[in-house]
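Inspection log for the structure reproduced underneath, given as structure tokens.
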Amino acid sequence: DTAVSQTPKYLVTQMGNDKSIKCEQNLGHDTMYWYKQDSKKFLKIMFSYNNKELIINETVPNRFSPKSPDKAHLNLHINSLELGDSAVYFCASSQDAGDEQFFGPGTRLTVL
Amino acid sequence: EDKVVQSPLSLVVHEGDTVTLNCSYEVTNFRSLLWYKQEKKAPTFLFMLTSSGIEKKSGRLSSILDKKELFSILNITATQTGDSAVYLCAVDNYGQNFVFGPGTRLSVLP
């Protein structure tokens, strides 16, 4: 009974490609997030969605776009991948903005 | 700019020791401070603190917040090797921002 799931777990791709990472939560939470954790293990928020509305948009390149087809899903699309995009991407959800967050297992993205 | 600082950045202790991890913050509109434990994969939630001076406890772990001095501590007593992890402190800025500190890497040796 996975609470927050992400697919794929690993993604290896070439520079310039477009890729997507999917996230689903079955907790009935209203808010979902995407985080990037770089090689130094620094966790930085990228986006959050509350009831299908974007409420935080950090200074990330517009090559990254979150898409939420419904409250339980928040997918991350990345266009024109660059070497610096290599990182672990975590999806998370919380009942409401600012509440305890439950994290997915992470997706390790490697751009060659 | 909102900022969360943790210290020490890494710590090596022996089983049975007690450790104190520190987190200080600067945010424009503080709502809550959260502690997470990250082992090999995703962070897992430990505590959420919103009020000063009220200790939260879970087994050998406890945490307290000081909103006047803008810091929190996480204590782990009688450490075990399973406590080895990165401990992350995060601050919620009333839904406007959610900032994580760099983490404290704790290694507990047998």
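The values are calculated or read from the model by the stated rules, or taken from the named source; none is laboratory data. All figures in this text were calculated on a predicted structure; none of them were measured in a lab. Positions of Cβ are backbone-derived with ideal geometry, glycine not excepted, and every protein chain shown enters the neighbour counts.
The table for this structure:
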quantity: Selection status of A:VAL60, under 25 Å from A:VAL12 (Cα atoms), within 14 Å of chain B (Cβ to nearest Cβ) and surrounded by fewer than 18 Cβ atoms within 10 Å (Cβ to Cβ); calculated: yes
quantity: Any hit, segment A:31-44, residues being within 14 Å of another protein chain (Cβ to nearest Cβ), acidic (Asp, Glu), within 17 Å of B:ASP92 (Cα to Cα) and in contact with a strand residue (DSSP E or B) (Cβ under 9 Å, 6 or more places away or on another chain); calculated: no
quantity: Extreme residue, nearest to A:LYS67 (Cα to Cα), among residues of segment A:8-21 that are surrounded by fewer than 16 Cβ atoms within 10 Å (Cβ to Cβ) and in contact with a Ser or Thr (Cβ under 9 Å, 6 or more places away or on another chain); calculated: A:ASP18
quantity: Enumerated strands (runs of 3 or more DSSP E) restricted to segment A:1-84, each holding at least 1 residues that are under 29 Å from B:GLU39 (Cβ atoms) and polar (S, T, N, Q); calculated: A:4-7, A:10-13, A:19-25, A:31-37, A:43-50, A:75-78
quantity: Segment A:27-75, residues that are touching an Asp or Glu at 6+ places or on another chain (Cβ under 7 Å) and small (Gly, Ala, Ser); calculated: A:ALA72
quantity: Unmet criterion (only one of (1) under 27 Å from B:PHE47 (Cβ atoms); (2) among the small types (Gly, Ala, Ser); (3) more than 14 Å from every other protein chain (Cβ to nearest Cβ)) for A:SER86; calculated: (1)
quantity: Pair list, Cβ < 7 Å and 6+ apart or interchain, from segment A:1-13 residues that are of a type in the set (D, E, K, R) to residues that are surrounded by 12 or more Cβ atoms within 10 Å (Cβ to Cβ) and in a loop (DSSP other than H, G, I, E, B); calculated: A:LYS9/A:PRO105
quantity: Scope segment B:93-110; condition in contact with a Gly (Cβ under 9 Å, 6 or more places away or on another chain) and exposed (fewer than 15 other Cβ atoms within 10 Å of the Cβ); matching residues; calculated: B:TYR94
quantity: Residue under evaluation A:GLU53, criteria (1) within 14 Å of another protein chain (Cβ to nearest Cβ); (2) surrounded by 14 or more Cβ atoms within 10 Å (Cβ to Cβ), criterion not met; calculated: (2)
quantity: All positions within segment B:1-33 that are at pLDDT below 90 and over 21 Å from B:LEU49 (Cα atoms); calculated: B:GLU1
quantity: Subset of segment A:89-110 [touching a Lys or Arg at 6+ places or on another chain (Cβ under 9 Å) and away from every other protein chain (no Cβ under 14 Å)]; calculated: A:LEU109
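This table checks each residue for (1) crowded, with 16+ Cβ neighbours inside 10 Å; (2) in contact with a helix residue (DSSP H, G or I) (Cβ under 9 Å, 6 or more places away or on another chain); (3) under 24 Å from A:TYR33 (Cα atoms).
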residue	(1), (2), (3)
B:SER7	no, no, no
B:GLY16	no, no, no
B:THR20	no, no, no
B:ASN29	no, no, yes
B:TYR36	yes, no, yes
B:SER52	no, no, no
B:LEU65	yes, no, no
B:LEU74	yes, no, no
B:VAL91	yes, no, yes
